[in-house]
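Okay, structure first, notes after.
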Number of protein chains: 2
Amino acid sequence: MELFEKHEDTLRRAVAAISNREYWSAYPESPRAYGDEAPAAGEEAFQARLGRPFVLDQPATGTSGAGESSPYGVDLGVTYPVATVGQLIDAATAAMQTWGKASVEERVGVCLEILDRLKEDSFEMAHAVMQTTGQAFLMAFQAGGPHALDRALEAVAYAYQEMTRLPAGEMRWEKPQGKRDPLLIDKQWRIRPRGVAVTIGVSTFPTWNGYPGIFASLATGNPVIVKPHPGTILPLAIFVETARAVLEEAGFDPNTVLLAVDTPDDPIAKELVMDPAVGMVDYTGGSGFGDWLEQNVTHALIFTEKAGVNSVIIDSAPDLKGVFRNLSVSLTMYSGQMCTTPQNVFVPASGIDVDGEQVSFSEVASGLAGAIEGLLADDQRAGDILGSIKSSDIAGRIGDAAASGDVLLASREVTHPTFPDAEVRTPVVVKVEADDRASYMREMFGPIIYVIATADTEESLDLAKESALESGAITWLVYTTNEEVMGEAIGAALDAGVSVAFNLAGGLYVNQSAAFSDFHVTGANPAGNASLTDPAFVAGRFRVIGVRVSA
Amino acid sequence: MELFEKHEDTLRRAVAAISNREYWSAYPESPRAYGDEAPAAGEEAFQARLGRPFVLDQPATGTSGAGESSPYGVDLGVTYPVATVGQLIDAATAAMQTWGKASVEERVGVCLEILDRLKEDSFEMAHAVMQTTGQAFLMAFQAGGPHALDRALEAVAYAYQEMTRLPAGEMRWEKPQGKRDPLLIDKQWRIRPRGVAVTIGVSTFPTWNGYPGIFASLATGNPVIVKPHPGTILPLAIFVETARAVLEEAGFDPNTVLLAVDTPDDPIAKELVMDPAVGMVDYTGGSGFGDWLEQNVTHALIFTEKAGVNSVIIDSAPDLKGVFRNLSVSLTMYSGQMCTTPQNVFVPASGIDVDGEQVSFSEVASGLAGAIEGLLADDQRAGDILGSIKSSDIAGRIGDAAASGDVLLASREVTHPTFPDAEVRTPVVVKVEADDRASYMREMFGPIIYVIATADTEESLDLAKESALESGAITWLVYTTNEEVMGEAIGAALDAGVSVAFNLAGGLYVNQSAAFSDFHVTGANPAGNASLTDPAFVAGRFRVIGVRVSA
């Protein structure tokens, strides 16, 4: 209860925010807010992790870290404890006996304390995320630290809200019986966890995408086995270390949170999720394994965030400067390695209306390509925006894309000023026709942008919808000055199950999804079956047992 | 909006009831409350259905009613329109275009009007339920009519609550940017349905078990295809007729609710649920098909209520009279054909403490058997309590049970005073040892009661838990005067995922589950994966699409 009281104000504000959806954040996104000592201390803490075993006092048979690598070319050399699936499941099941029976307040208090500790280590986490994912430092700091913590807190707030919807303690139920005495019974509702939770992490945003499921499960009484992507282990290992320390201090079994490390050659995810003790699985990553989970794991709840083809539909605009400024950033940040990055930009072949004047397709296309070229002209700036490439097969994909249409802007290899071994590539911008479906109607992960010439905006919307329904989509961005087109776009977005933004021309980018306000992924198309975070993401993670006592 | 306003007070009270869980009901359970004309008018309306086609203006290729029969031996002779799966899915998908885009208030208003119309026809529904399920009249009236309507309203209240958790209309999101202008964006949230809903009805409580899923789907914008059990079609056909009439009057496509009739020889459920347009399936019935649904339908949400082995654990009591009076009713009503009926009565072989005196096992067992015998001694009264047997293989099962232990009370064939062709059987009460697991550790649906001699209450609880975890369980009833035993029983119930009642000795029976207060099935053991009705039962039936417009 002590931890709950310590953090109760934060919790109350988070609960208010998920209802009013107004801007709110619990953890400052500005690195400056963490004090003068924090940057150096965080970097030092990160450096001290390298080249040695990451110690966790959990069941283990040995150590491994073989799959982890840094896109910046830094030699990480961290090894992690490795355990068998049986060891992990047994330890988690044993931990559930106490964690699952703790009160809502005890569990939520522990969750909030973990978040608070993680906040203190935001700089260390930023370096860990940067060096394992290839994000630039500021993105790694914000998305890996405070923004991820906000999304975690959001999940805790939903869990708290869901678990406290029923009367606490005992209540009297009284049914009138006409002239006879009423029927009386004392009732209470007890919450129990669903089972062992497994979180399967992604290589690009391990904490931002991993925390919501982890904390939703944890707050509702389930132990969590965290299996990071074998190429990006350190950030979630730091989380596990922090969580275990807080659990132990609070008198719980630290095995309530466990790390499960595997390698690309010897993956354990399938064996892990197929264990009958598993009650829910959270997954972020490629569609192949996500689809496999959805189709094969029938004994557990499956929450997936997979891939998609995101679209920009340009219909008309009051001016193009803001459009290009905004798009050039959202299309390039982290080299298109965000699941929210647009891939396809649909423009009518006849051009678009800009403040009453018709601007041709080629002017729009070349304007966009030029804006991107200009933004990334300087190597330092390019490095700060693009980060480096995590995925190994991106060079080949850039080549394929370039060969599939007219190259409006060629991809350029950039030498990173600080990390000469980093793979930094500017995006290729390719013009294709609406008919060239084979090229753009699938996800081309990474720095690849298609500008697609369509008959008109109606066809643009139809194609965006078709690709969303077939391959999934997480974001749409529509530029239009026409109210009717806006209505049609909203209708298409509802049908396609995609969130849609209009006319972003300032400092807010379509890639960004704000905790407590924006839902990430709708669950209504193949990009994922779950939404971060809505009540459905949390409600099934616990079950209610009714107790009735004759009064 | 007119219908919403008409029923808004009922909705508000239902929303309050699902939070405070106090006794409340919207539809009177006393037949007398419906006026002097209602009984005769209802029976007449029912009789007018017999021996002729049930007309529904929906897509059809022909008619059928081949599988429907009355356990009372009445010749029903009703035929229903039959359609192909393709016709049904197409019609439902088309209807979703308007229904799915209606406002929350419009949809909820229509749902509440349907319930109001059904209430008016409660006597007709009572006869339809009685004659198709074999329930006695009063149970058919209450469970088929007002209690089912209460459970429907409960689902609508949850749906309304879930759909109105986000700000209605547009709101401004404002993120401070230090000295710069804040980031501004106008946001709104749009609800869209998940897809076509399929409800697969049960033969025993078609409306009580069917309405929650039907109304949860309907209120959240999904069209519903209702596939009744082929042996019990008429009650849900009457629902479909009523729903279609209200939908049409309110300006919606009546194909928003469709009837899908099949026969035992030519079942269509598998083909129906496998259609990719299907977004969710609600099922009540045997575990075989329920397990198949859970394991094979991975493209839709699956909500199941299956079978289980319910337990009574007798540890101690202040007196046994009330225990036997209560148990004799709950063990016999509707011949044990309720999914909540206890099957196994665990009693320590050494006997139990009754107000300080030790009462032997045989006294407890024979006392219980005697109470049942006395309750059912009169044929008229036996018929009113037992109803008649719906399931065809119950006679054989009674014989198997009798052969598996010491018969404490033999099953007796009763001639129903009104319906001489009805199959009415009093229950067999069989004493077995704790070791005779093969006999009692599985569901023996129907009028079969085991009294099981255990080493002590600890073993009783262990065996009840084991059977719940293996075969599922919906209810436990524990008699004890010992606080410690009560705590242990609650712990075991939490582990087993079963709701538990204590010391019921008056007019409240463990079989009964009150809308707005008790959750039916926990979803935490093999008796079902869903709970009627909790937020998880509703939250995933719709999805939220975010719309952001640059301000």
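The values are calculated or read from the model by the stated rules, or taken from the named source; none is laboratory data. These numbers were taken from a predicted model, which means no experiment stands behind them. All Cβ positions, even for glycine, are placed from backbone atoms using ideal geometry, and neighbour counts span all protein chains on display.
Computed values, structure above
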item	result
Among residues of the range B:29-44, those that are under 12 Å from residue B:138 (Cα atoms) and small (Gly, Ala, Ser), counted	1
The range B:277-316, subset among the small types (Gly, Ala, Ser) and in a loop (DSSP other than H, G, I, E, B), residue farthest from the chain's Cα centre (by Cα)	B:277
Cross-chain or 6+ apart pairs with Cβ under 8 Å, the range B:197-215 first and under 14 Å from residue B:520 (Cα atoms) and in the same structural domain as residue B:302 (by TED's automatic domain parsing), then of a type in the set (Ser, Thr, Tyr) and part of a helix (DSSP H, G or I)	B:205/B:133
Odd one out for residue A:451 among (1) among the hydrophobic types (A, V, I, L, M, F, W, C); (2) surrounded by fewer than 24 Cβ atoms within 10 Å (Cβ to Cβ); (3) more than 9 Å from chain B (Cβ to nearest Cβ)	(2)
When residues of the range A:187-203 are limited to those that are closer than 21 Å to residue A:161 by Cα and part of a strand (DSSP E or B), the one farthest from the other protein chains (Cβ to nearest Cβ)	A:197
Positions within the range A:516-543 being touching a Leu at 6+ places or on another chain (Cβ under 7 Å) and either among the aliphatic types (A, V, I, L, M) or in the same structural domain as residue A:139 (by TED's automatic domain parsing) (or both), in sequence order	A:521
The listed residue being buried (at least 23 other Cβ atoms within 10 Å of the Cβ) and under 21 Å from the mean Cα position of the chain (by Cα), out of B:477, B:469, B:508, B:504	B:477
Residue A:329 vs. criteria under 21 Å from residue A:510 (Cα atoms) and buried (at least 22 other Cβ atoms within 10 Å of the Cβ)	no
Counted residues, the range A:1-55 - those being away from chain B (no Cβ under 14 Å) and β-branched (Val, Ile, Thr)	2
Enumeration of residues in the range A:260-286 that are closer than 30 Å to residue A:450 by Cα and surrounded by fewer than 21 Cβ atoms within 10 Å (Cβ to Cβ)	A:286
Members of the range B:416-433 found to be of a type outside the set (Ser, Thr, Tyr) and over 20 Å from residue B:341 (Cα atoms), listed by number	B:416, B:417, B:419, B:420, B:421, B:422, B:433
Complete set of residues in the range A:287-301 that are more than 11 Å from chain B (Cβ to nearest Cβ), surrounded by 15 or more Cβ atoms within 10 Å (Cβ to Cβ) and either on the phi > 0 side of the Ramachandran plot or of a type in the set (Gly, Ala, Ser) (or both)	A:287, A:290
Subset of the range B:33-70 [closer than 25 Å to residue B:421 by Cβ and of a type in the set (A, V, I, L, M)]	B:40, B:45, B:48, B:50, B:66
Contacts under 8 angstrom Cβ, first residue in the range A:32-51 being farther than 18 Å from residue A:117 by Cα, partner of a type in the set (Val, Ile, Thr) and not in a helix (DSSP H, G or I), 6 or more apart	A:50/A:74; A:50/A:78; A:51/A:78
Single condition residue A:159 does not satisfy, out of (1) more than 27 Å from residue B:469 (Cα to Cα); (2) in a helix (DSSP H, G or I); (3) in contact with a Phe, Trp or Tyr (Cβ under 8 Å, 6 or more places away or on another chain); (4) among the hydrophobic types (A, V, I, L, M, F, W, C)	(1)
Of all residues making up the range B:484-524, the number that are more than 7 Å from every other protein chain (Cβ to nearest Cβ), charged (D, E, K, R) and farther than 17 Å from residue B:311 by Cα	1
The range A:151-186, subset at the interface with chain B (Cβ under 8 Å from one of its Cβ atoms) and buried (at least 23 other Cβ atoms within 10 Å of the Cβ), residue nearest to residue B:487 (Cα to Cα)	A:185
Residues of the range B:520-551 that turn out to be more than 14 Å from residue B:209 (Cβ to Cβ), modelled with pLDDT of 95 or more and either within 14 Å of the chain's Cα centre (by Cα) or not in a strand (DSSP E or B) (or both), as a count	12
Qualifying strands (runs of 3 or more DSSP E) (wholly inside the range B:337-412; at least 2 residues being surrounded by 23 or more Cβ atoms within 10 Å (Cβ to Cβ))	B:342-348
Filtered residues of the range B:204-235 (kept if small (Gly, Ala, Ser), in a loop (DSSP other than H, G, I, E, B) and buried (at least 24 other Cβ atoms within 10 Å of the Cβ))	B:221
Residue in the range B:459-468 that is modelled with pLDDT of 95 or more and within 13 Å of another protein chain (Cβ to nearest Cβ) present	yes
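Okay, residues lined up against (1) more than 19 Å from residue A:137 (Cα to Cα); (2) assigned by TED's automatic domain parsing to the domain that holds residue A:321; (3) touching a His at 6+ places or on another chain (Cβ under 6 Å); (4) of a type in the set (D, E, K, R):
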position: A:356; (1), (2), (3), (4): yes, yes, no, no
position: A:364; (1), (2), (3), (4): yes, yes, no, no
position: A:370; (1), (2), (3), (4): yes, yes, no, no
position: A:383; (1), (2), (3), (4): no, yes, yes, no
position: A:386; (1), (2), (3), (4): no, yes, no, no
position: A:389; (1), (2), (3), (4): no, yes, no, no
position: A:397; (1), (2), (3), (4): yes, yes, no, yes
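For (1) among the small types (Gly, Ala, Ser); (2) under 21 Å from residue B:257 (Cβ atoms); (3) not assigned by TED's automatic domain parsing to the domain that holds residue B:236, each residue gets a yes or a no:
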{"position": "B:12", "(1), (2), (3)": "no, no, no"}
{"position": "B:28", "(1), (2), (3)": "no, no, no"}
{"position": "B:68", "(1), (2), (3)": "no, yes, no"}
{"position": "B:73", "(1), (2), (3)": "yes, no, no"}
